[in-house]
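Visitor: Here's a structure for you.
Derivation of every value follows stated rules applied to the coordinates shown; laboratory data play no part. Because the structure is predicted, anything quoted here is derived from the model rather than measured. For neighbour counting, all protein chains shown are included, and Cβ atoms are generated from backbone atoms with ideal geometry for every residue, glycine included.
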Amino acid sequence: MQFIARNPVAPCLAAVFSVVLCQQAQAVEGGIGAYFLGSRDTLPAIVPPPGTYLSFIYDRLEGSVEGLSVGGLPIRADANVSVDLYRLSFTQVFDAELMGGTPALNVAIPLPASEIAFQAVTGPLAGTDIDDTSFGVGDTGITGLVGWHDGNMHYNAGLTVFAPTGSYDTASVDVGRRSVDILSNGKNVWSFMPSAGATYFNPESGVEVSGVASLLFSTKNEATDYQTAPALQLEGAIMQRLGSGWGFGVAGYTYQQLGDDSGSGADALRTALGASSLEARVSGAGPVLTYSGGRLFGGDLSLKVKYTSEFGAKRRLESDVFTFNLSLAY
């Protein structure tokens with residue numbers, strides 16, 4: 001019996017490779033890496049037939065962090081961070097063969113609206129309630145990949161390059177007005193992320209098991225002399241898809257830096273926090289609900305709603321994230 005009403009693979013690809021940057025707080029300079037964790041959850045290793053795929057994604061992130069280094073300014077304080085993140089993702093799957101597989105190219109453009117609030121505990125602003133906001137185009141992610149198929153098993157390998165297209169300024173402090181300007185839309189670095197993924201998808205039973213491993217490398221932020229250490233990222237999902245077009249399951253991830261941050265900017269943060277290491281880690285997990293079916297604007301429609309709760313964070317923002325994804329396949 002066929003449980004999948006239509007091909008759920010095609011409309012989902014645009015969302016799978018949506019990558020984004022937004023500037024926030026703490027180690028891993030800015031508190032978050034170039035890659036938005038959890039973006040590769042369901043069907044991440046399946047490259048669908050040649051065509052054009054669009055995805056419109058909204059993320060609402062709310063979290064907190066203890067100690068921050070933003071724009072080169074190290075501050076020891078408990079901070080609350082919120083982000084409304086809008087992403088536009090474009091994927092082209094080519095009618096060609098490369099290394100025995102199907103090649104594809106993705107371009108993802110983020111538009112983050114960020115806010116940070118904390119009470120300063122050191123320096124000339126000690127005791128002052130501080131907040132700052134930022135809105136604009138973030139750093140663009142470009143992903144090239146190749147996918148292969150073997151029955152119900154699907155594999156891909158790719159490389160994502162994050163270009164520093166978002167605006168960036170080092171932090172400034174206005175002592176007279178008791179305010180700071182610390183948030184930026186970009187990270188002022190180039191980042192590179194090789195990845196490999198596998199998906200088992202049985203169209204008869206509707207069962208999916210997926211996983212992706214990636215490494216994230218970044219260049220030094222010359223404006224702040226801060227070198228973020230490389231990180232290992234593992235993401236995965238287990239899903240059950242139904243003949244009605246609906247699907248449900250759970251997705252999660254873990255992030256672990258493979259060394260300590262370096263440079264005078266990192267040294268200043270270690271001193272401010274009284275920390276021996278800035279090596280960061282975080283994990284997250286939560287439910288996923290999907291729907292595939294119908295048409296919108298002339299394309300095949302796919303929807304996804306996801307909630308992720310992070311835990312085990314160290315030297316990195318720990319947050320709750322709500323995600324809504326609308327994808328179209330042409």
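Visitor: Please list, in order, the residues from segment 156-191 whose amide nitrogen is less than 15 Å from a point placed 7 Å along the Cα→Cβ vector of I142.
Guide: Inside the label zone: 159-166, 190-191.
Visitor: What does the extension gain come out to for Y307 and T52, with contour length at 0.36 nm per residue minus their alpha carbon separation? Spell out each step's value before the answer.
Guide: Working: separation 255, 0.36 × 255 = 91.80 nm, distance 2.74 nm.
So the extension gain works out to 89.1 nm.
Visitor: Return the loop-located chymotrypsin sites (Phe, Trp or Tyr not before Pro) in segment 78-165 (DSSP other than H, G, I, E, B) with at most 16 other Cβ atoms within 10 Å of their own Cβ; answer none if there are none.
Guide: Loop-located and lightly packed - F94.
Visitor: Based on the Cβ-Cβ distance of V107 and T219, what FRET efficiency does E = 1/(1 + (r/R0)^6) give at R0 = 22 Å, to the nearest 0.05?
Guide: Working from the Cβ atoms, E equals 0.60.
Visitor: For the pair Q256/F324, report the inter-label distance in nm, with labels modelled 7 Å from Cα in the Cβ direction.
Guide: Between Q256 and F324, the label points sit 3.6 nm apart.
Visitor: What do you get for trypsin sites (Lys or Arg not before Pro) in segment 152-189 restricted to DSSP loop and a cutoff of at most 15 other Cβ within 10 Å of the site's Cβ?
Guide: Loop-located and lightly packed - R177, R178.
Visitor: Shifting gears a bit: Could you pull the Cα extents of segment 277-327 along its three principal axes, largest to smallest, in whole Å?
Guide: 52, 17, 11
Visitor: So how tilted is helix 264-273 from the main axis of the chain? Cα-based, degrees 0 to 90, rounded to 10.
Guide: 80
Visitor: While we're looking at this one, here's another question. How large is the Rg to Rh ratio of segment 216-322 when both quantities use alpha carbon positions and Rh follows Kirkwood?
Guide: Working: Rg = 19.3 Å, Rh = 16.6 Å.
Here the Rg-to-Rh quotient is 1.17.
Visitor: With unit charges on the beta carbons (Lys and Arg positive, Asp and Glu negative) and the dipole taken about the Cα centre of the chain, which residue among T165, G138, I238 sits farthest to the positive side?
Guide: I238
Visitor: In addition: Could you pull out the longest piece of the chain with no exposed loop GluC sites (Glu not before Pro) in it, calling a site exposed if DSSP puts it outside H, G, I, E, B and it has at most 15 other Cβ atoms within 10 Å?
Guide: Of all site-free stretches, the longest is 223-330.
Visitor: Would you kindly compute the Cα radius of gyration of the chain and its largest Cα-Cα separation (Dmax), both in Å?
Guide: 20.2, 71
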